[in-house]
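The values are calculated or read from the model by the stated rules, or taken from the named source; none is laboratory data. The structure displayed is predicted, hence computed values, not measured ones. In this analysis, Cβ positions are derived from the backbone assuming ideal geometry, glycine residues included, and neighbour counts consider all displayed protein chains.
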Amino acid sequence: MAKGVYTTRSKELVRRETASAYMFLLPSLVFFIGFVIIPMIICIYTSFFDSTMGKDAKDVFIGFGNYIELFQDGIFLKALKNTFVIVIVSVPVVCIFSLWVSSVIYNLNDKVLSVFRCIFYLPVVTGSVAVTVVWKWMYNNYYGIFNYIGKGTGILKTNINWLGDERFALACIILILLTTSVGQPIVLYVSALGNVDNSLVEAAQVDGANELQLFWKIKWPQIMPTTLYILVITTINSFQCFALIQLLTSGGPNHSTDTVMYYIYYMAFKMFRYGYGNAMGVVLAIFIAVLSAIQFRVAKER
Amino acid sequence: MKTSNTLKKLYTVVSIIVLIALAFCFVFPLYWIVTGAFKTPVSINSPVPDWIPKELVLDNFKKLFSRQTAPIFELGFIKGPMAPAAVRWMINTVFMAVMAMVLTCLTASMAGYALAKKRFHGRIILFTLIVCAMALPKQVILIPLIREMSALKLYNTIWAVILPTVGWPFGVFLMKQFSEGIPTEMLEAARIDGASEFKTFTDIVFQMVKPGVGALAIFTFINSWNDYFMQLIMLSSTSNLTISLGIAKLQAENSTDFGLIMAGATLAAAPILIVFIALQKYFTKGITLGAVKG
């Protein structure tokens, strides 16, 4: 009897709590569903249509047509390759560089630490457009400082058109990407290294462990979750490299700096092929999801 | 033991020297933007870089402000007096970033509280959806968003940029992390005292998650200010541009007038840098908390 009363009351409580929870969730859900979930569904849906502005008023269902065309499109494959080059270079470099910087600065005094942290975060805050235009100037054929320094030190014999040369353009873009990517990982690593359990470190020191052992055996496993998070966000970030390309090279010369993100923009907003652009978006999302899943799996096995 | 100690000291000294050199490289582009904005055309166009300019002029800013004009504000059919377009772009950008910030903080703190502290039907599904959406590249939804915004008659208005920014679920996720720390007993006590749901939220929950709201506010402000891709595809007419877009256009139209472009870049970067440096402490806290349990 008593128990029965309890459960009906508890049911009533759950019902009331659900109602009040959704009251709090409602404003956020309107935005989330309206401007994230619905566009995502539309994205997947239109990727199965030939939806080209100005050609037909109506979209034509073509099944996997866009996807099949995608993997026969030489420029897309090149863009995919470039995107992977960017990810494969920038992810490890960002992780190792930010871990090294953090390991040097994390036990300095608070003022110095926050000055360094702030400096490495500056390129992120400055904003992609402002950063890009100044690098464009620095890379410039005639007025850029890179050619000036290169010739001054005798490394270069003649001026190099950095962004207009197929051999260098992608590397130049990766360099800018790196400077704008290390800010957040450094903040995260500094706090993770600061939170490492000190009693374990001291115990290992008593046992006569050297610095390197101390790092690999004690600290590294403890900062693993942070490393994983950094890997995932850096991967997503590198996949999304767009402003740099659009403002510096427009994918050229000879498609040597085309990335998937830029090619989506080009197809959708220059060629007005929405369906095709959406199919690329879906493929990109799948790649990112698979890569993140692999990173999680590898990290868990460790 | 002794040699390893000297080695360690040597390593630390060398590391710090390298680090200072690197810090210098990281600050340099910013230095180059700001000094470039005040340089004379002669100094800018010389093949020998003018590392420390002796003569600083305001010509580039004068040029920037006299290029195009736009009404200083528009409300429906009411148009304000004409002003330099760059001023209008600045107003648009501030409006956009502040609106996105306020709306995100309000909706996310409410939703984060509900997700952290209430047990309700659909909670796990919703949370999974939020985490999955966060991992996907934001840009893949931009093409459908354009059509949606056209249908809502919001295309080429600043709201087309604000609304999707508010919808992005990172804020809800962050506020959920902060709300986990509220002691459940306090909420129970408030309920027993007969406080309404709304009063409990404003008087207890919101007060306790204030540091989180601060971090989220700065984060959203900076992100929205710098979200170039979204602005690029949603806004087109001169009077609706943001400062980032304005500079990108400037760069496309006068690709070698570096003085003018740097003046624009200075204008775009200065406010956001000031906000960041002033509130750095809260910002780093927000980033770190978002990652815990991520």
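Checking region B:177-191 against the condition returns no match, with no residue being touching a residue at least 60 places away in the same chain (Cβ under 8 Å), within 10 Å of chain A (Cβ to nearest Cβ) and surrounded by 15 or more Cβ atoms within 10 Å (Cβ to Cβ). Which of the following residues is among the β-branched types (V, I, T) and exposed (fewer than 15 other Cβ atoms within 10 Å of the Cβ): A:V260, A:V298? After applying the criteria, what remains is A:V298.
When each of B:A278, B:A248 is tested for being surrounded by fewer than 19 Cβ atoms within 10 Å (Cβ to Cβ) and assigned by TED's automatic domain parsing to the domain that holds B:I162, the lone residue that passes is B:A278. Here B:E197 clears all of (1) within 25 Å of B:F283 (Cβ to Cβ); (2) of a type in the set (D, E, K, R); (3) in contact with a helix residue (DSSP H, G or I) (Cβ under 6 Å, 6 or more places away or on another chain) except the condition numbered (1). As a summary of the residue check, B:S255 satisfies the conditions (1) over 28 Å from B:V172 (Cβ atoms); (2) within 9 Å of chain A (Cβ to nearest Cβ); (3) assigned to a helix (DSSP H, G or I) except for the one numbered (3). Is there a residue being under 17 Å from B:G246 (Cβ atoms) and either more than 13 Å from every other protein chain (Cβ to nearest Cβ) or in contact with a Phe, Trp or Tyr (Cβ under 8 Å, 6 or more places away or on another chain) (or both) anywhere in region B:40-49? No, every residue in region B:40-49 fails to be under 17 Å from B:G246 (Cβ atoms) and either more than 13 Å from every other protein chain (Cβ to nearest Cβ) or in contact with a Phe, Trp or Tyr (Cβ under 8 Å, 6 or more places away or on another chain) (or both). For the criterion of being over 30 Å from B:M134 (Cβ atoms), among the charged types (D, E, K, R) and modelled with pLDDT under 90, B:E185 passes. Of all the listed residues (B:L142, B:L174), the sole one being under 21 Å from the mean Cα position of the chain (by Cα), farther than 12 Å from A:F35 by Cα and modelled with pLDDT under 90 is B:L174.
Residues of region B:54-72 include at least one that is touching a helix residue (DSSP H, G or I) at 6+ places or on another chain (Cβ under 9 Å), within 19 Å of B:V161 (Cβ to Cβ) and not in a helix (DSSP H, G or I).
The requirement of being outside any helix (DSSP H, G or I), surrounded by fewer than 24 Cβ atoms within 10 Å (Cβ to Cβ) and away from chain B (no Cβ under 11 Å) is not satisfied by A:L163. Filtering A:P92, A:P123 for residues that are at pLDDT 90 or above and at the interface with chain B (Cβ under 7 Å from one of its Cβ atoms) leaves a single hit, A:P123. The residue pairs whose first member lies in region A:267-291 and is farther than 20 Å from A:T52 by Cα, whose second member is not in a helix (DSSP H, G or I) and not hydroxyl-bearing (S, T, Y), and whose beta carbons are closer than 6 Å, counting only pairs six or more residues apart or on different chains, are A:A285/B:L136.
Out of A:V134, A:V201, I need the residue that is within 30 Å of B:K9 (Cβ to Cβ), assigned to a helix (DSSP H, G or I) and β-branched (V, I, T). Which one? So the residue among A:V134, A:V201 that is within 30 Å of B:K9 (Cβ to Cβ), assigned to a helix (DSSP H, G or I) and β-branched (V, I, T) is A:V201.
Considering region A:272-295, and only residues there that are more than 7 Å from chain B (Cβ to nearest Cβ) and aromatic (F, W, Y), the residue that is surrounded by the fewest Cβ atoms within 10 Å (Cβ to Cβ) turns out to be A:F272.
Out of B:A97, B:A21, B:A85, one residue alone is small (G, A, S) and either under 21 Å from B:E253 (Cα atoms) or within 11 Å of chain A (Cβ to nearest Cβ) (or both). It is B:A85. Among the numbered conditions (1) modelled with pLDDT of 90 or more; (2) more than 22 Å from the chain's Cα centre (by Cα), the only one that B:F221 does not meet is (2).
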